[in-house]
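The values are calculated or read from the model by the stated rules, or taken from the named source; none is laboratory data. Because the structure is a prediction, the values reported are computed rather than measured. Positions of Cβ are backbone-derived with ideal geometry, glycine not excepted, and every protein chain shown enters the neighbour counts. These area figures cover heavy atoms from the full protein model, side chains too; ligands, DNA and RNA do not enter into them. Shrake-Rupley method; radii C 1.70, N 1.55, O 1.52, S 1.80 Å.
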Amino acid sequence: MRPISGELVYIAGMTARKHLKALLAYCTFLVCMVLVYAKLFQYLMLHLEGREFSFIAGIYWVLTVMTTLGFGDITFHTDAGYVFAGIVTLSGMVFLLILLPFGIISLFLAPWIENSLRYNPLLEVPERTRDHVVICGLDPVTRALVSKLQVRGIPFFLVLSNYDEVRRLEEDEGIRAVYGDPSDAGVLLKLRADRARHIILNLGDKENVNIILTVRSLCTTPIAALLDEPCHAELFHLAGASQVIPLKRILGRYLATRATTKGAFAHVLDSFGKLLIAELPVHGTPFSGRTLKDAHIREQTGLAVVGIWERGKIIIPNRETLLSEQSVIVVVGTRENLETLEKLIGELPGQDMVMIIGHGRVGCSSAGFLEHWSVPFVLIDRVANPDCGEHEAVIGDATSRTILKGAAIDRAEGLIATTNDDSANILFTLASRHLNRHLRIVARANREENVTQLYTAGADFVVSNTSVGSNILMNILDNKDSIFLSEGMHIFRHPVPEAMHDKTIRSCRIREITGATIIALERGRKEEPTIIPPPDTVITRDMTLILIGSPEQETRCRELLH
Ligand code: ADP
Ligand code: ZN
């Protein structure tokens, strides 16, 4: 689609040209009228009053009469002359003093004022713009990204093809977006896409592929694209995307990881080389009700507890931190450590039962993940998912107790509420908590403002689309190799600073300097990492530090540890 404002200017130009023609015709008519009156004046003066005047004097007389100036130096003295003078005065008033200004105001002045008051969207970024982020598409994820970029002072330009949306964004939120269709090469050039630091695509899959191809025909700027259908990932890569983010699949996996209660591997959130990061609910384990010191998790399994979730808040624990029934521990360790844990807990994933409400792309991804780890599950959806040939769902509205009971909610250990409707997710959470007090409820929040309500309704864990999506994008922009645990908590790598080569961890005082905590030391990605190295461990140049901390602590590491 071509930008409409360009068309408006074009139309305005056309109209102005038409109006100018009408004005010229009218002026010609006025000139003719003056000439005819001047000729008549000459004729009448000569034949009525026997006085002879030049044609120029005639024009002079007509103009002074028509403009009602009437100097009175040349006047008629006969009745017929007075009548003629009256007619000239009247036609002067009508054609010269009324119609002419009226025409000029309505045809030229009013449209000009209207045009200058009309909203003029931004059609291109300033000439010298560089190292900016171009964001195509506005939804809660890109909105959250915009807020993060604003806080960090990183220049960005949103490009939207909806005129009203551009206008509303500027008038209501003060964000000046560029108006245009990003699949148009001309618009991309106006966005200085070739000099941008990154291009973020968050439109439909087809539009995204189209834009990727257009960008690649112009420049090599990195492109990060959010993907709706995981099966399109290959296409995105083929078209030339640098990073493809299957957000719905990631959300599905995060939900499933956090809804399972049995076994260990189905809790693995991510991996960092050979290091696995898992989130394990304390409920039902021998660790419940003990302090971290008394639970002896490290001693028994080799796993290090690096964080504890308590109803949506993550804390860095110390040895005295109490593990409650609701706590979820974030552990890091190797595959072997997790196997030891599984044996210790004595529960296998097959003994679990998770109910998934909503068989959209996110629900389907959760189901796929659980299937992979042999965790039994039941899917409920109002309608069958035509894109999934692998899972069968119980068809029915999950807001109905009969449906929930029929799907054996009383036997379920975990529940994933993952419809695209937050109010429905709040309802399921409330109803399910009422029907099964011990259920582990994990809910998806489509809008950030519903996170608190979901926790209040009884959810044990809420995964927010917005927060996961915007953090992944921010990590990509920062070129970070890090894992996002929650808003405010990351696990990241950092090279050993030169000044710290061959020194002990204690003497480096990394925590005192940056606030971040070393959770492991890595020597090449293939080798076993050293988890929670003791303070007297000597760090050498061939090691990489793996740390946990807030984004600010991570920034401090990058700034202070060279
Ligand atoms: P996404 O692809 O982001 O997961 P979708 O809109 O495709 O989102 O999927 C949401 C799913 O949730 C749909 O299949 C819809 O039928 C289902 N759903 C919505 N409300 C209910 C409900 N009250 N009971 C059961 N399923 C529901
Ligand atoms: Zn499915």
Checklist entry - Does GLU165 satisfy the condition of being free of Cβ contacts under 8 Å to residues at least 40 places away in the same chain, open to solvent by 10 Å² or more (accessible area, probe 1.4 Å) and within 15 Å of the chain's Cα centre (by Cα)? => result yes
Next on the checklist: Give all pairs with beta carbons closer than 9 Å in which a residue from segment 517-546 that is in a strand (DSSP E or B) meets a residue that is open to solvent by less than 70 Å² (accessible area, probe 1.4 Å) and acidic (Asp, Glu); count only pairs at least 6 apart in sequence or on separate chains.
Outcome noted: THR530/GLU522; THR544/GLU522; LEU545/GLU522; ILE546/GLU522
Checklist entry - Which one is nearest to ligand 2 (Cβ to nearest atom), of the residues in segment 373-399 that are closer than 22 Å to ALA266 by Cα, open to solvent by 60 Å² or more (accessible area, probe 1.4 Å) and free of Cβ contacts under 8 Å to residues at least 40 places away in the same chain? => result GLU390
Next on the checklist: Pull out all pairs, ordered by first then second residue, where Cβ-Cβ is under 6 Å, the residues are six or more apart or on different chains, the first lies in segment 218-229 and is open to solvent by 50 Å² or more (accessible area, probe 1.4 Å), and the second is among the polar types (S, T, N, Q).
Outcome noted: none
Checklist outcome for this item: Pairs returned, first residue in segment 489-501 that is more than 17 Å from ARG523 (Cβ to Cβ) and in contact (Cβ under 8 Å) with a residue 40 or more places away in the chain, second residue that is open to solvent by less than 20 Å² (accessible area, probe 1.4 Å) and aromatic (Phe, Trp, Tyr), beta-carbon separation under 8 angstrom, 6 or more apart or interchain, are HIS490/PHE484; ILE491/PHE272
Checklist entry - Within segment 405-414, is even one residue within 14 Å of ligand 1 (Cβ to nearest atom) and part of a helix (DSSP H, G or I)? => result yes
Item to check | Residues that are among the polar types (S, T, N, Q) and either in contact with an Asp or Glu (Cβ under 7 Å, 6 or more places away or on another chain) or under 13 Å from GLU413 (Cβ atoms) (or both), drawn from segment 337-357 | outcome: GLN351
Checklist entry - Hey, does segment 309-318 have a residue that's more than 36 Å from the chain's Cα centre (by Cα), more than 16 Å from ligand 2 (Cβ to nearest atom) and modelled with pLDDT of 90 or more? => result no
Checklist outcome for this item: Of those in segment 203-214 that are surrounded by fewer than 22 Cβ atoms within 10 Å (Cβ to Cβ) and polar (S, T, N, Q), the residue nearest to the chain's Cα centre (by Cα) is ASN210
Checklist outcome for this item: Quick count over segment 400-430, residues being within 16 Å of ligand 2 (Cβ to nearest atom) and among the polar types (S, T, N, Q), is 3
Next on the checklist: Looking at segment 419-429, can you tell me whether even one residue there is out of contact with any Asp or Glu (no Cβ under 9 Å at 6 or more places or on another chain), polar (S, T, N, Q) and farther than 21 Å from GLU310 by Cα?
Outcome noted: yes
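For (1) closer than 22 Å to ARG143 by Cβ; (2) away from ligand 2 (no atom under 16 Å from the Cβ), each residue gets a yes or a no:
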| site | (1), (2) |
| --- | --- |
| LEU169 | yes, yes |
| TYR179 | yes, yes |
| SER183 | yes, yes |
| GLY186 | no, yes |
| GLY204 | yes, yes |
| ASN210 | no, yes |
| LEU218 | no, yes |
| PRO230 | no, no |
| LEU247 | yes, yes |
Next on the checklist: So, in segment 369-392, exactly how many residues are more than 32 Å from the chain's Cα centre (by Cα) and not in a loop (DSSP other than H, G, I, E, B)?
Outcome noted: 2
Next on the checklist: Looking at segment 345-368 only, could you name the residues that are more than 11 Å from ligand 2 (Cβ to nearest atom) and either within 23 Å of ASN465 (Cα to Cα) or open to solvent by 10 Å² or more (accessible area, probe 1.4 Å) (or both)?
Outcome noted: ILE345, GLY346, GLU347, LEU348, PRO349, GLY350, GLN351, MET353, VAL354, MET355, ILE357
Checklist entry - Using beta carbons and a limit of 7 Å, which pairs, at least six apart or on different chains, have the first residue in segment 344-362 and more than 15 Å from LEU280 (Cβ to Cβ) and small (Gly, Ala, Ser) and the second one open to solvent by 10 Å² or more (accessible area, probe 1.4 Å) and away from ligand 2 (no atom under 16 Å from the Cβ)? => result GLY350/SER374
